[in-house]
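Quick notes on the structure that follows.
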Amino acid sequence: MELTDKTAEQIQQTAQMGEGKSYFLYTFGCQMNEHDSEVIAGILESTGFTAAAGPEEADLIVINTCAVRKKPEEKVGALLGTLQPLKEKKKDLCIAVGGCMTQQEEIAAYIKKRFPHVNLVFGTHSLPRFPQLLERAMLSRKTVVDIEEYADSREDLPISRRDKFKAWLPVIYGCNNFCSYCIVPYVRGRERSRPMKEILAEARSLAREGYLELTLLGQNVNSYGQDLPEGHDFADLLRELNKVEGLRRIRFMTSHPKDLSPGLIDVVARGEKICEHFHLPVQSGSNRILKLMNRRYTRERYLELVRSIKEKIPGAAVTSDIIVGFPGETKEDFQDTLDLVKEARFDNAFTFIYSPRPGTKAAQMEDAVPRAQKEERLQRLAEIQHGISQEINAELVGKVVEVLVEGRSKNNPEMLTGRTRTNKLVHFASPEDLTGRLLPVKIIEARTWNLIGEMVSGEETV
Ligand code: 5AD
Ligand code: SF4
């Protein structure tokens, strides 16, 4: 792990902080949070901490939280409760809670009051200050709280990556869209694109280290560059990344339908490293609900986009996020969603019951749909989508696909697990551990959630 001067200087003050100590990290939520946790781990390791096998062994427990729905917030509450006896047994244990949930003032205050055994409460903008905050928290008897909204550059922070062959690469932080149900713009702030030269430098350095796959991250990658003076957009960035030697796959998420340009679809079609997968959340198929959600596109425009993607890029995968039970969603609105799902034919869709988030516009709307009805709608939607996923996967049987091997299957140690360029999970038998390799695999069976394959030959596609 290379450190630049600025980070080295910051960390110098706290250089001994973690000597002889270990940490355990819990991460909730999205890929951006997973990557933030890699940064937290990087910071901790550069101050001497080592990773602990479990929370009982750790001197420091960090919880990186998610606020997008109520469930992950409840899980954090429950987790904090279970950590209390651990802290009583081990007085020196330091507990830090941070991320999207604690960025909300009321929640930070609640945690401080309700869980006095927590040493540090930090927000989404605190990472550059993390070493100093942690040092203060370890010395102080009171809970240290830092949920300031100013953020120093994150460019120089160390990163301890989970994988050796695929890496997350944030390209834009925050969100400007204010979809009426969503807490993200409140907890992650306005859009901040990373300068293109920083992203390219990181991509080149990862390629030199042997990374084959990058996933570009942003709440809305399509608005990349709009806040930069250079005038580059996301298509420009992809075009440049496609030239980076050594890289084999470039993924990106999430795309917002209102900003996905025809030019971008062309770049994906042409760029041989750019994976043909669009995660393009539709949220609802009803124009009335889309308007209430402040999504700024219609179902017709959305379906047109999906058609255009599939026309220009045969075999491309489109996945989506869908919310059921938005305030005032009628039977007809829900039927519109079902019809859209049948027409769009998503490879996969993540389906959620609407969860009111305090402080958002939708939380003030009258929510008259009973819970049981929301659950029934979720069930019906999921059933239809599962059938479609199964049908689309079945079309791959007999075909040879390129798989990047991620490791042994969790359920069956004789099988390896990897992903296709279209982000589908493939399991196949192999006595040899081929983790981190790109291999041709023939699909022999299709399931709803994954595919079963067999190795075509020992030949790598690298
Ligand atoms: N309730 C339910 N689902 C939500 N999402 C975002 N906010 C909410 C909410 N309040 C879903 C959206 C988004 C995904 C990451 O989470 O579908 O695309
Ligand atoms: Fe939330 Fe909408 Fe921004 Fe996505 S685009 S993070 S759903 S506000």
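Name the single residue, out of those in region 324-346 being within 23 Å of residue 388 (Cα to Cα), open to solvent by 20 Å² or more (accessible area, probe 1.4 Å) and in contact (Cβ under 8 Å) with a residue 40 or more places away in the chain, that is nearest to ligand 1 (Cβ to nearest atom). Among them, the one singled out is 336.
Residues that are closer than 21 Å to residue 352 by Cα and open to solvent by less than 20 Å² (accessible area, probe 1.4 Å) were ranked within region 62-110; the one that is nearest to the chain's Cα centre (by Cα) is 66. Cβ separations smaller than 6 Å between residues 6+ apart or across chains give the following pairs from region 53-74 residues that are in the same structural domain as residue 131 (by TED's automatic domain parsing) and aliphatic (A, V, I, L, M) to residues that are within 16 Å of ligand 2 (Cβ to nearest atom) and modelled with pLDDT of 95 or more: 67/100; 67/101; 67/183; 67/187.
For region 345-379, residues that are of a type in the set (D, E, K, R), in a loop (DSSP other than H, G, I, E, B) and either more than 18 Å from residue 178 (Cβ to Cβ) or in contact with a strand residue (DSSP E or B) (Cβ under 6 Å, 6 or more places away or on another chain) (or both) total 4.
A residue that is farther than 20 Å from residue 324 by Cβ and in the same structural domain as residue 327 (by TED's automatic domain parsing) can be found somewhere in region 284-296.
Screening residue 447 with (1) farther than 20 Å from residue 247 by Cα; (2) modelled with pLDDT of 95 or more gives one miss only, at (2). You will find that of 112, 142, the residue that is at pLDDT below 95 and closer than 24 Å to residue 60 by Cβ is 142 and no other.
Within region 166-207, if we keep just the residues that are open to solvent by 20 Å² or more (accessible area, probe 1.4 Å) and in a loop (DSSP other than H, G, I, E, B), the residue that is farthest from ligand 1 (Cβ to nearest atom) turns out to be 195. Summed over region 237-292, the residues that are closer than 15 Å to residue 314 by Cα, within 16 Å of ligand 2 (Cβ to nearest atom) and open to solvent by 20 Å² or more (accessible area, probe 1.4 Å) give a count of 0.
Screening 9, 56 for residues that are assigned to a helix (DSSP H, G or I), open to solvent by 40 Å² or more (accessible area, probe 1.4 Å) and modelled with pLDDT under 95 leaves exactly one candidate, 9. Look at residue 139 and say whether it is of a type in the set (A, V, I, L, M), open to solvent by 10 Å² or more (accessible area, probe 1.4 Å) and more than 16 Å from ligand 1 (Cβ to nearest atom). So residue 139 passes the test. All conditions in (1) surrounded by fewer than 21 Cβ atoms within 10 Å (Cβ to Cβ); (2) over 22 Å from residue 30 (Cα atoms); (3) hydroxyl-bearing (Ser, Thr, Tyr) hold for residue 302, with the sole exception of (1).
You will find that of 246, 271, the residue that is closer than 18 Å to residue 171 by Cβ and not β-branched (Val, Ile, Thr) is 271 and no other. When you scan region 214-222, do you find a residue that is more than 30 Å from residue 25 (Cβ to Cβ), within 11 Å of ligand 2 (Cβ to nearest atom) and crowded, with 21+ Cβ neighbours inside 10 Å, even just one? Yes, the conditions are met somewhere in region 214-222.
Of the residues making up region 382-409, those that are under 28 Å from residue 355 (Cβ atoms) and within 23 Å of the chain's Cα centre (by Cα) are 382, 385, 386, 389.
The values are calculated or read from the model by the stated rules, or taken from the named source; none is laboratory data. Quick caveat: nothing in here was measured; it's all calculated off a predicted structure. No Cβ is skipped: glycine too gets one built from the backbone with ideal geometry, and neighbour counts run over all protein chains shown. Keep in mind that these areas ignore ligands, DNA and RNA; they rest on the heavy atoms of the full protein, side chains included. Shrake-Rupley method; radii C 1.70, N 1.55, O 1.52, S 1.80 Å.
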